[in-house]
Amino acid sequence: MIELKKLDLWNDMWNGALANADEICSPDFTIYFGRDASTHNGDDITGPAQLKPFVRAFRQSLDDDLEFTLVRSFVQPGADFAVSLWNLRAGPDRTVGGIDVFEFDDAGRIRKVHSVTGQRAITEQPSR
């Protein structure tokens, strides 16, 4: 079962609510980033216990001067994955967008994420 609320909590986790990882991620959680894996150890993460220090270190690398905002999240009826579009403000003058594709386990926890960061902000407004 896919709960889009989990994607809100995922966004909050990247904004510093690291404890959310324990609630929303499965024990066998993995993440794969679109950027060069030689520049980080994200592809080695297994489970929420390894995700939390990765997110903390990422935030610290930008002096905690960052904010993720969710542009839109969606799932098609019958799909076994969900997608979120997001923006990241890093410092006073830089905003980039990205897309995450989520897979869930049978308990509704996030099992796998594929995450790609773009070069510019996403401007699409949520449709409701």
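The values are calculated or read from the model by the stated rules, or taken from the named source; none is laboratory data. Please read these numbers as outputs of a predicted model, since none were measured by experiment. Reconstructed Cβ throughout: ideal geometry from the backbone, glycine too, with neighbour counts over all protein chains shown. Areas reflect the complete protein model, heavy atoms only, side chains present, ligands, DNA and RNA absent. Shrake-Rupley method; radii C 1.70, N 1.55, O 1.52, S 1.80 Å.
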| What accessible area per residue, rounded to a whole number of Å², is obtained for segment 18-95 using a probe radius of 1.4 Å? | 55
| request: May I ask you to give the percent of accessible area on the chain that is carbon plus sulfur, with a probe radius of 1.4 Å? | output: 49
| field | Sparse-neighbourhood loop sites, trypsin sites (Lys or Arg not before Pro) in segment 9-88 - DSSP loop, at most 14 other Cβ within 10 angstrom | value | Arg35
| query | What 222 nm value per residue comes from the helices of the chain, counting each DSSP H run with n ≥ 4 as -39,500 (n - 2.57) and dividing by all residues, nearest 500 deg cm²/dmol? | reply | -6500 deg cm²/dmol
| field | Potential lengthening between Asp63 and Asp105 on full extension [0.36 nm per residue; Cα-Cα distance subtracted] | value | 11.8 nm
| message | Checking the cross-link filter: which aspartates and glutamates have an alpha carbon closer than 19 Å to that of Lys6, excluding same-chain neighbours under 8 positions apart? | response | Asp22, Glu23, Asp28, Glu67, Asp80, Asp100, Glu103, Asp105, Asp106
| message | In Å and on Cα atoms, what radius of gyration and Dmax does the chain show? | response | 13.9, 41
